[in-house]
């Protein structure tokens, strides 16, 4: 077998979304194996479950209509900053952040196999509307951050 030679110019660095688009079966293996999208609802619920175990959330609403899943809960995602970026922004835009930045890591291990960023990357529309005590508002729509 011929050994491949790589040069700096032949290596392409992929944007986090491109990586997912080019390898959907790698990221959504469970969906392909089970021929359904059930696990995606759990992925989206993961931050709410984390807040529930932390005692901050007492109500979680899940709505599924046609091709849309909507989650509402009375705690919201964290707006505290980690290395200059709000936790909510990390969840929406950084692969595996949703799994690894939980207050209760076992929640991430149990419910968050893909992370919200992965779902955000492939969704026609994925929104997070969040306001905190410090009045910082963050909205995400169509894979972009809106302030």
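The values are calculated or read from the model by the stated rules, or taken from the named source; none is laboratory data. Since we're looking at a predicted model, the values are computed, not measured. Cβ atoms come from the backbone with ideal geometry, glycine included; neighbour counts cover every protein chain shown.
Please tell me if residue 50 is more than 17 Å from residue 116 (Cβ to Cβ) and touching a residue at least 24 places away in the same chain (Cβ under 8 Å).
Values: more than 17 Å from residue 116 (Cβ to Cβ): no; touching a residue at least 24 places away in the same chain (Cβ under 8 Å): yes.
For residue 50, the condition - more than 17 Å from residue 116 (Cβ to Cβ) and touching a residue at least 24 places away in the same chain (Cβ under 8 Å) - is not met.
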Contact list, first residue from segment 66-84 and on the phi > 0 side of the Ramachandran plot, second anywhere and in a strand (DSSP E or B) and crowded, with 17+ Cβ neighbours inside 10 Å, beta-carbon distance below 7 Å, six or more apart or interchain, is 76/130
Going by what's in this entry, would residue 49 be described as farther than 21 Å from residue 126 by Cα and modelled with pLDDT of 85 or more? no
Residue, nearest to residue 40 (Cα to Cα), within segment 51-77, restricted to residues that are touching a helix residue (DSSP H, G or I) at 6+ places or on another chain (Cβ under 6 Å) and part of a loop (DSSP other than H, G, I, E, B): 77
Top-ranked residue in segment 53-84 [being within 23 Å of residue 106 (Cβ to Cβ) and over 18 Å from the mean Cα position of the chain (by Cα); ranked as surrounded by the most Cβ atoms within 10 Å (Cβ to Cβ)]: 57
Identity of the residue in segment 16-40, modelled with pLDDT under 85 and surrounded by fewer than 13 Cβ atoms within 10 Å (Cβ to Cβ), that ends up farthest from residue 115 (Cα to Cα): 36
